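The values are calculated or read from the model by the stated rules, or taken from the named source; none is laboratory data. Just so it is clear, the model here is predicted, and its values are computed rather than measured. Neighbour counts are summed over all protein chains in view; Cβ atoms, including those assigned to glycine, are modelled from backbone coordinates with ideal geometry.
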Amino acid sequence: MNISYYLHKKELNRDDLVFLLGRTEPEELDQLYCAAREMKKEWVGNVDYYRGLLEFSNRCIKNCCYCGIRRGNRQVGRFDTPKEDILAMALWCYEQQYGSITLQSGERQDEAFIDYVEDLLREIKSIGNGALGITLCVGEQTKETYQRWYDAGAHRYLLRIESSNPKLYKTLHPQDGHHKWEVRKACLDALAAIGYQVGTGVMIGLPGQTLEDLADDILFYRNQNIAMIGMGPYVVHHNTPLGKKVSEAGLDSPEERARRLRLSINMVAVTRLFLKDVNIAATTAMQTLHPLGREMALKAGANILMPLVTLPQFRNQYQLYDNKPCLEDGQEQCRNCLSARVASVGDTVGWGQWGDSPHFFNNLK
Ligand code: 5AD
Ligand code: SF4
């Protein structure tokens with residue numbers, strides 16, 4: 001069976017997803033990405049939306065084996081962005097017509113943090129009379145906390161499942177009772193029950209991850225009714241348990257990195273073909289593995305970009321993986337650079353719009 005059979009099939013099943021994810025021949029990849037781009041045009045248009053990404057603190061109580069700001073990494077200095085600066089950045093995003101802002105940090109569950117975020121949300125919400133959409137990405141919390149933040153003005157929440165396979169998830173996290181797949185999944189359910197637009201995603205090209213796992217990740221997105229997807233390649237961070245293991249096993253070669261990038265772009269394309277009306281981000285990790293990684297993702301069906309608005313003096317302390325791009329840039333440069341990337345693939349920017357996933361509203365009908 002050749003690839004066009006699959007690209008014209010009405011309903012793709014798990015085996016079809018596995019087949020499409022595993023394509024490697026350039027002509028086949030061209031056809032796959034073209035079909036996904038057509039699907040993007042039909043369902044969400046050739047318009048890309050911006051979410052200013054403000055990484056406001058790198059303090060984290062978790063110890064994920066892959067992440068450069070894990071609690072156990074003592075080589076990284078910890079920072080908190082002063083509240084005035086966060087508000088100034090939110091105002092800047094509003095003035096730049098970014099439409100919405102994403103507040104990201106490491107995970108904390110203490111009362112002081114919960115109160116702080118709640119106040120912050122109310123203050124950001126008052127900018128332009130609620131004009132700026134707010135996405136939160138601050139980890140696992142109780143349902144009560146999620147509700148408080150929703151009431152304070154957050155309407156979208158990103159929490160990656162990292163892998164839909166609980167066994168694989170186990171290999172990526174310490175077994176200390178604080179890194180449980182079931183808890184992560186319950187958080188996604190709680191967020192949806194409250195009424196958030198929920199985003200999730202996975203890392204791609206992880207040691208031990210199969211094409212079947214990736215197909216199951218896409219099925220997980222569908223079963224969870226996910227509106228927004230942020231996924232990208234796994235990238236080594238030198239001072240992490242997983243990064244060291246992968247490097248020592250010789251699994252961080254240029255060929256391996258190219259494989260992880262290709263798989264990531266395939267995931268974007270197949271997810272677009274399968275889920276049609278969701279928002280899919282072209283993530284920074286893709287650009288880490290190839291200078292044009294984000295453009296490739298936009299061409300293969302992604303429609304969201306997250307220009308960094310993290311203060312330049314803190315950017316090098318928020319490195320989840322090695323060689324993160326844009327460390328030297330200010331927010332102006334990130335804006336202009338991404339606009340050029342959008343134009344280069346023939347898309348336009350949805351300035352000043354929230355750019356909600358049509359899926360969320362199609363679902364409510
Ligand atoms: N490579 C790629 N993505 C990573 N993340 C954390 N560490 C890495 C890494 N080494 C991703 C995780 C997390 C998100 C905030 O960043 O998926 O959910
Ligand atoms: Fe903390 Fe998130 Fe990094 Fe895990 S991935 S260590 S929760 S910042």
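Here ARG108 qualifies as of a type in the set (Lys, Arg) and either more than 13 Å from ligand 1 (Cβ to nearest atom) or closer than 16 Å to MET306 by Cα (or both). Do we have any residue at all in the range 88-100 that's assigned to a loop (DSSP other than H, G, I, E, B) and under 21 Å from ARG315 (Cβ atoms)? Among the residues of the range 88-100, at least one is assigned to a loop (DSSP other than H, G, I, E, B) and under 21 Å from ARG315 (Cβ atoms), which makes the answer yes.
The condition of being of a type in the set (S, T, N, Q) and away from ligand 1 (no atom under 16 Å from the Cβ) does not hold for ASN58. Of the helices (runs of 4 or more DSSP H) entirely within the range 211-291, those holding at least 1 residues that are within 16 Å of ligand 2 (Cβ to nearest atom) occupy 241-248, 284-289.
When ILE61, ILE101, ILE69, ILE127 are checked against the criterion of being at pLDDT below 95, aliphatic (A, V, I, L, M) and touching a Gly at 6+ places or on another chain (Cβ under 9 Å), ILE101 stands alone in meeting it.
Quick check on the range 20-36. Is at least one of its residues of a type in the set (D, E, K, R), within 12 Å of ligand 2 (Cβ to nearest atom) and in contact (Cβ under 8 Å) with a residue 60 or more places away in the chain? No: the range 20-36 contains no residue that is of a type in the set (D, E, K, R), within 12 Å of ligand 2 (Cβ to nearest atom) and in contact (Cβ under 8 Å) with a residue 60 or more places away in the chain. Filtered by the rule that a residue be within 18 Å of CYS34 (Cβ to Cβ) and surrounded by fewer than 19 Cβ atoms within 10 Å (Cβ to Cβ), the range 251-277 gives a lone residue, LYS276. Taken across the range 329-339, residues that are among the aliphatic types (A, V, I, L, M) and modelled with pLDDT of 95 or more do not occur at all. When the residues of the range 218-243 are narrowed to those that are more than 12 Å from ligand 1 (Cβ to nearest atom) and not aliphatic (A, V, I, L, M), which ends up farthest from the chain's Cα centre (by Cα)? Of everything passing the filter in the range 218-243, ASN223 is farthest from the chain's Cα centre (by Cα). Scanning the range 338-351 for residues being surrounded by fewer than 16 Cβ atoms within 10 Å (Cβ to Cβ) and over 10 Å from TYR49 (Cβ atoms) gives a total of 5.
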